[in-house]
Amino acid sequence: MNLAQQLQHLYSEFGHIEGIHIELHKELIAVAVNNSAAKALIFLQGGQVAEYQAHGHSKTLWLSSSNRYQQGQPLRGGIPISWPWFGQLAQNPKAITAQFDAAAQPPAHGFARNNLWQLDSITPVSSSQTQLKLSYELAAEQQALWPYASRLELTITVGEQLELNLVVTNTGSKPFSYSSALHSYYAVGDISRCQVSGLEEQRYIDKLDNEQVKTQQGLLSISSETDRIYQHSRLQQKELPTIRLIDKEQQQQTLIHSSGSHSTVVWNPWRNKAQHLNNFADDDYQQMLCIETANVGEDIVTLAPRQSRQLQLAIKPQPLSAT
Ligand SMILES: O=P(O)(O)OC[C@H]1O[C@@H](O)[C@H](O)[C@@H](O)[C@@H]1O
């Protein structure tokens, strides 16, 4: 189906639902959701939530204004999905890299964020909650890069909080291992006036300091380039603590609750790296912070045939005075 046919099909299937608009942003199709609690914008490419704003609050997610909305090119901002590897493939654990042909030139953060997902349903659960289901199906022979039959299902619930549930299923006959991340970009008023709580005393791998393992002392503040993997599994915790992103500039906080994950990536490129990133203006680092619900590092997932694994995230904005 070409773009016009896809649009026509989506419009006839979902266009009649109250509060739903099917939109075209240059080459990419998006679904705009607006209900009595919040509004959101979700792209079919990558199953990517690009915007989320609960009414009465500022925007929770950061989205680059330099995005070019081209097919096959991931959008910077919102919540891209990294799968089946994280960052550069070569930096993933051997159980993952061994599955790939060394000659291939794999895209950073896997290929799920670059490809078109299918919109399966939109359900207005109530006047304040809208649920979208998307899927991305891979046949074993579909790509040389990933010869494993697999299915990704993403449920997005837009309401007074934003909820994502990513289910990965091995639909084939061979086991496989993957890393994944809900690579969330949070919007902040001023990065130098933010703090993150919930990571205190947690051990992390400092990707900018020879992968040294360090321990978080007190609340996290960002004042230089930061690229860390907090490895909660080392503390043998079943669930992650709720992370709170405190934004003093906007007098807002975001509560981040994850499950199915034992690792959290925290990333801000800061001034120098910002100049080398695509779809990123030189001073954008001041308005964003990535806090990523992940299965990375030693927290990778291995699925036997017919097994599934869930990765869940709930994001709730609150005024800072609610603490
Ligand atoms: O530019 P990309 O491919 O979206 O990646 C952005 C960043 O994503 C973060 O998750 C990684 O920890 C960083 O190392 C990386 O630079």
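Scanning the range 101-115 for any residue that is within 14 Å of the ligand (Cβ to nearest atom) and among the basic types (Lys, Arg) turns up at least one such residue. Checking every residue in the range 69-84 against the condition of being out of contact with any His (no Cβ under 7 Å at 6 or more places or on another chain), at pLDDT 95 or above, away from the ligand (no atom under 16 Å from the Cβ) and not hydroxyl-bearing (Ser, Thr, Tyr) gives at least one match. Considering each residue of the range 114-136 in turn, at least one proves to be among the β-branched types (Val, Ile, Thr) and open to solvent by less than 20 Å² (accessible area, probe 1.4 Å).
Among the residues of the range 193-206, those identified as within 30 Å of Ser308 (Cβ to Cβ) and either open to solvent by less than 70 Å² (accessible area, probe 1.4 Å) or within 14 Å of the ligand (Cβ to nearest atom) (or both) are Gly198, Leu199, Gln202, Tyr204, Ile205. For the range 96-105, the candidate set comprises residues that are part of a loop (DSSP other than H, G, I, E, B) and open to solvent by less than 40 Å² (accessible area, probe 1.4 Å); within that set, the residue that is modelled with the highest pLDDT is Gln99.
Working carefully through the options Asp190, Asp209, find the one that is more than 21 Å from Val49 (Cα to Cα), of a type outside the set (Val, Ile, Thr) and within 15 Å of the ligand (Cβ to nearest atom). So the residue among Asp190, Asp209 that is more than 21 Å from Val49 (Cα to Cα), of a type outside the set (Val, Ile, Thr) and within 15 Å of the ligand (Cβ to nearest atom) is Asp209. Give the residue that is surrounded by the most Cβ atoms within 10 Å (Cβ to Cβ), with candidates limited to residues of the range 1-37 that are in contact with a Ser or Thr (Cβ under 8 Å, 6 or more places away or on another chain) and of a type in the set (A, V, I, L, M). Selected residue: Val33.
State all residues of the range 48-62 that are open to solvent by 40 Å² or more (accessible area, probe 1.4 Å) and either within 15 Å of the ligand (Cβ to nearest atom) or of a type outside the set (D, E, K, R) (or both); if no residue qualifies, say none. Within the range 48-62, Gln53, His55, Gly56, His57 qualify. Residues in the range 261-270 that are in contact (Cβ under 8 Å) with a residue 60 or more places away in the chain and under 17 Å from Gly297 (Cα atoms) were compared, and the one that is farthest from the ligand (Cβ to nearest atom) is Thr264.
Taking the criterion of being open to solvent by 20 Å² or more (accessible area, probe 1.4 Å), not basic (Lys, Arg) and not in a loop (DSSP other than H, G, I, E, B), the residues of the range 207-226 that qualify are Gln212, Val213, Thr215.
Scanning the range 281-306 for residues that are small (Gly, Ala, Ser) and within 16 Å of the ligand (Cβ to nearest atom), which turns out modelled with the lowest pLDDT? The qualifying residue modelled with the lowest pLDDT is Gly297.
For Asn278, indicate whether it is within 11 Å of the ligand (Cβ to nearest atom), touching a residue at least 60 places away in the same chain (Cβ under 8 Å), surrounded by fewer than 18 Cβ atoms within 10 Å (Cβ to Cβ) and closer than 27 Å to Leu154 by Cα. Before you say what the answer is, go through the steps one by one.
Working: within 11 Å of the ligand (Cβ to nearest atom): yes; touching a residue at least 60 places away in the same chain (Cβ under 8 Å): yes; surrounded by fewer than 18 Cβ atoms within 10 Å (Cβ to Cβ): yes; closer than 27 Å to Leu154 by Cα: yes.
Yes.
The values are calculated or read from the model by the stated rules, or taken from the named source; none is laboratory data. What you are looking at is a predicted structure, and each value in this text was computed from that prediction instead of being measured. Glycine gets a Cβ as well: all are built from the backbone with ideal geometry, and neighbour counts include every protein chain shown. Ligands, DNA and RNA are stripped out before the accessible areas are found, and what is left, the full protein with its side chains, is counted by its heavy atoms. Shrake-Rupley method; radii C 1.70, N 1.55, O 1.52, S 1.80 Å.
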